[in-house]
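Please treat every number below as a calculation from the coordinates, not as lab data. Source: prediction; values computed, not measured. We place every Cβ from the backbone using ideal geometry, glycine too, and count neighbours over all the protein chains shown.
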Amino acid sequence: MVQTAHSSFDRVDRAILSELAGQGRISWRDLAVRVGLSLTPVLRRVRRLEDQGFITGYSARFDEARLGASFSAFVSVTLERQAEEALEVFETQIARAPEVMSCYLMSGGSDYLLRVVAADLGAYQAFMTGVLTRIPGVARIQSSFALKLVIERSAPPFR
């Protein structure tokens, strides 16, 4: 059974998660000060949140454009069949593509929604023709290109 925030979070847990979402490299001491506890209780709570699976890891955020991936596309993919084997083949092969930043199995008009990054339109075309169109069972691909990132959050609201 998946534990939800409503069943186990208090104000301090929400404050810890909020601080870590905004600054994952905050020192434990600074975190303790910001949430109003001493160091040991904060460490105990963070470990509990990790053990319970609410915190699944820590990572750095990167400036994609400065790293040469300034072109971002959202790609809707429809498969010929939605049988379990076809889904598994697609998911296994798309996971190998480093250009794919996220992949969601969707309801509605398409089967998957991808966020793909590339250096430019030519690099995106190379991804399309060299990777995506070669995955067995892909029936339709529709691309939309991001013009500007307006907002991006690293965590959901903690209520």
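A straight chain from ARG66 to SER18 at 0.36 nm per residue would run longer than the Cα-Cα distance by 14.6 nm.
Listing SER18, SER107 from fewest to most neighbouring C-beta atoms within 10 Å gives SER107, SER18. Shown for SER59, SER143: other C-beta atoms within 10 Å of each C-beta, ranked fewest to most, produce the order SER59, SER143. Among THR78, THR92, a tally of other beta-carbon atoms within 10 Å of each Cβ gives an order, fewest to most, of THR92, THR78.
Restricting the calculation to alpha carbons of region 64-109 gives Rg and Dmax of 12.9, 40 angstrom. Look at the alpha carbon pairs under 8 Å that are at least 6 residues apart: their mean separation over the length of the chain gives a relative contact order of 28 percent. For region 71-145, the fraction of alpha-carbon pairs lying more than 20 Å apart is 20 percent, rounded to a whole number.
One decimal place: the segment ARG34-ALA95 gains 18.1 nm when fully extended, by the rule 0.36 nm per residue minus the C-alpha distance.
Ranked from largest, the principal axis spans of the Cα set of the chain equal 56, 39, 24 Å.
Computed over the alpha-carbon pairs of region 10-51, the distance histogram in 5 Å steps reads 5, 26, 42, 24, 3 percent, short to long.
Across region 17-90, Cα-Cα distances exceeding 18 Å account for 62% of all pairs.
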